[in-house]
Amino acid sequence: MVKNIVLIGLMGSGKTTIGKQLAAKLNMQFADTDELIVQKAKKSIKSIFADDGEFFFRDLESEVIKEVSKHQNIIISTGGGAVLREENIDNLKKNGILFYLYAPAEELFKRIKDDTERPLINTANPIETLKSIQNEREIFYNQADFKINTCKKSLQQIIDEIINFFAS
């Protein structure tokens, strides 16, 4: 059985970008749980948060993760808060190897500052908000099998690092 590669980390850590490239390189399928939630809800994540609230979003996220985790030989990119529910981590680990993609909050903000679809950082001080979210979630992110610092590395270096861990 070929395990899944699961990418977790805060918004802007590169999960989707890295996941798509990794899937192409390893000839694996790619699934982005945020995209699957949007398809399921038939509206944007920003709209889900505004109309239905974060709790409803997290319920949809758990449903999507439970379903996608049943697959094999797939790269799964999760939303940044997917780790907040233990059931999500459990489902992802059943058939997958978890990689925590890390970067400092300042670097994450540089990557996502122009993205208006990020409801959690729509605050007066988004860098401080990112730091706070990162601190709150660190205990969950650290349940990953591997932690990869994505700061000051090329996309190819990160992909090679994941492949090396995955192959060992």
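The values are calculated or read from the model by the stated rules, or taken from the named source; none is laboratory data. Keep in mind that what you see is a predicted model, and the values were worked out from it rather than measured. Note: ideal-geometry Cβ built from the backbone for every residue, glycine included; neighbour counts use all protein chains shown.
So in the stretch 1-43, with the set limited to residues that are assigned to a helix (DSSP H, G or I) and among the basic types (Lys, Arg), which one is farthest from Ile162 (Cα to Cα)? Taking the candidates together, the pick is Lys40.
The set of residues in the stretch 1-27 being hydrophobic (A, V, I, L, M, F, W, C), surrounded by 19 or more Cβ atoms within 10 Å (Cβ to Cβ) and modelled with pLDDT under 95 consists of Leu10, Met11. Being in a loop (DSSP other than H, G, I, E, B) and more than 11 Å from Phe99 (Cα to Cα) is the filter here, so list the residues in the stretch 136-168 that pass it. Thr150, Cys151, Lys152, Lys153, Ser154, Ser168 - these are the residues of the stretch 136-168 that are in a loop (DSSP other than H, G, I, E, B) and more than 11 Å from Phe99 (Cα to Cα).
Conditions (1) within 22 Å of Phe49 (Cα to Cα); (2) within 16 Å of the chain's Cα centre (by Cα); (3) surrounded by 13 or more Cβ atoms within 10 Å (Cβ to Cβ); (4) of a type in the set (D, E, K, R), marked per residue:
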residue	(1), (2), (3), (4)
Ile97	no, yes, yes, no
Leu108	yes, yes, yes, no
Pro126	yes, no, yes, no
Lys131	yes, no, yes, yes
Thr150	no, yes, yes, no
Ser154	no, no, no, no
Ser168	no, no, no, no
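Among all residues of the stretch 62-82, there is none that is within 24 Å of Lys152 (Cβ to Cβ), of a type in the set (A, V, I, L, M), in a helix (DSSP H, G or I) and under 11 Å from the mean Cα position of the chain (by Cα).
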